[in-house]
């Protein structure tokens, strides 16, 4: 895990709808577009090896067409395929706030960012004292039954609070706006509350999307 002093003022950003990265979580990515291959190459040349994951914001009044808050991940694993594509893993470090998008000569987007307000992201694993695990898993079980999915319930019962809540937040296929709400949750407890609300909304038929990516 990086220290606050290690975080740069400028990072490359990867706008990817529906892809959520959270601090201390891991996100696998398939890199194949030339501009993002260049982004990866440049990131690997830096000490931090950071790439900022961020949701596009298509609203007309958004100057950068990006949401304000994203999460930076450190490239911890990468492998090249025979045809020049890369499979990489990002380890979530800290959320950031976009101050402005930078003009430049890179084919990918870069932003000046602030890490202020997200100091907790670089700290210890969070817990959720208010988590009623039995009730939470029951809501999740209903969702799995609705979608005819199976999982290792014993593993879910034993998983640490943060691993359980953040993994589900990343894996469940909610809309980009819902993913953004999960990202911006100020605490693990708030993220769990948001997650439960989204699951219950889905169970009531509020979303026609498939649940798992």
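The values are calculated or read from the model by the stated rules, or taken from the named source; none is laboratory data. Keep in mind that what you see is a predicted model, and the values were worked out from it rather than measured. All Cβ positions, even for glycine, are placed from backbone atoms using ideal geometry, and neighbour counts span all protein chains on display.
Quick look at the numbers
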{"quantity": "Filter result for the condition that a residue is loosely packed, with under 14 Cβ neighbours inside 10 Å and either part of a helix (DSSP H, G or I) or in the same structural domain as residue 33 (by TED's automatic domain parsing) (or both), over 101, 134", "calculated": "134"}
{"quantity": "In region 104-131, residue farthest from the chain's Cα centre (by Cα) [restricted to those that are within 18 Å of residue 57 (Cβ to Cβ) and surrounded by fewer than 17 Cβ atoms within 10 Å (Cβ to Cβ)]", "calculated": "112"}
{"quantity": "Residues within region 45-76 that are modelled with pLDDT of 95 or more, in contact with a strand residue (DSSP E or B) (Cβ under 7 Å, 6 or more places away or on another chain) and loosely packed, with under 14 Cβ neighbours inside 10 Å, tallied", "calculated": "1"}
{"quantity": "Among the candidates 140, 195, residue that is surrounded by 11 or more Cβ atoms within 10 Å (Cβ to Cβ) and farther than 29 Å from residue 58 by Cα", "calculated": "140"}
{"quantity": "Selected residue (only one of 27, 40 is farther than 26 Å from residue 181 by Cβ, in the same structural domain as residue 88 (by TED's automatic domain parsing) and buried (at least 17 other Cβ atoms within 10 Å of the Cβ))", "calculated": "40"}
{"quantity": "Among (1) within 24 Å of residue 191 (Cβ to Cβ); (2) at pLDDT below 90; (3) touching a strand residue (DSSP E or B) at 6+ places or on another chain (Cβ under 8 Å) - the single one residue 104 does not satisfy", "calculated": "(1)"}
{"quantity": "Residue in region 113-120 that is within 21 Å of residue 40 (Cα to Cα) and touching a strand residue (DSSP E or B) at 6+ places or on another chain (Cβ under 8 Å) present", "calculated": "yes"}
{"quantity": "Every pair of residues 6+ apart whose Cβ atoms lie under 6 Å, when the first sits in region 153-182 and is over 23 Å from residue 55 (Cβ atoms) while the second is exposed (fewer than 15 other Cβ atoms within 10 Å of the Cβ)", "calculated": "161/127"}
{"quantity": "Complete set of residues in region 151-179 that are out of contact with any helix residue (DSSP H, G or I) (no Cβ under 7 Å at 6 or more places or on another chain) and either surrounded by 19 or more Cβ atoms within 10 Å (Cβ to Cβ) or outside any helix (DSSP H, G or I) (or both)", "calculated": "152, 159, 160, 166, 170, 172, 173, 175, 179"}
{"quantity": "Flag for residue 82 being out of contact with any strand residue (DSSP E or B) (no Cβ under 6 Å at 6 or more places or on another chain) and either surrounded by fewer than 18 Cβ atoms within 10 Å (Cβ to Cβ) or under 22 Å from residue 23 (Cα atoms) (or both)", "calculated": "yes"}
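Residue-wise test of (1) outside the structural domain of residue 198 (by TED's automatic domain parsing); (2) closer than 30 Å to residue 9 by Cβ.
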position	(1), (2)
115	yes, yes
118	yes, yes
138	no, no
143	no, no
150	no, no
153	no, no
157	no, no
163	no, no
166	no, yes
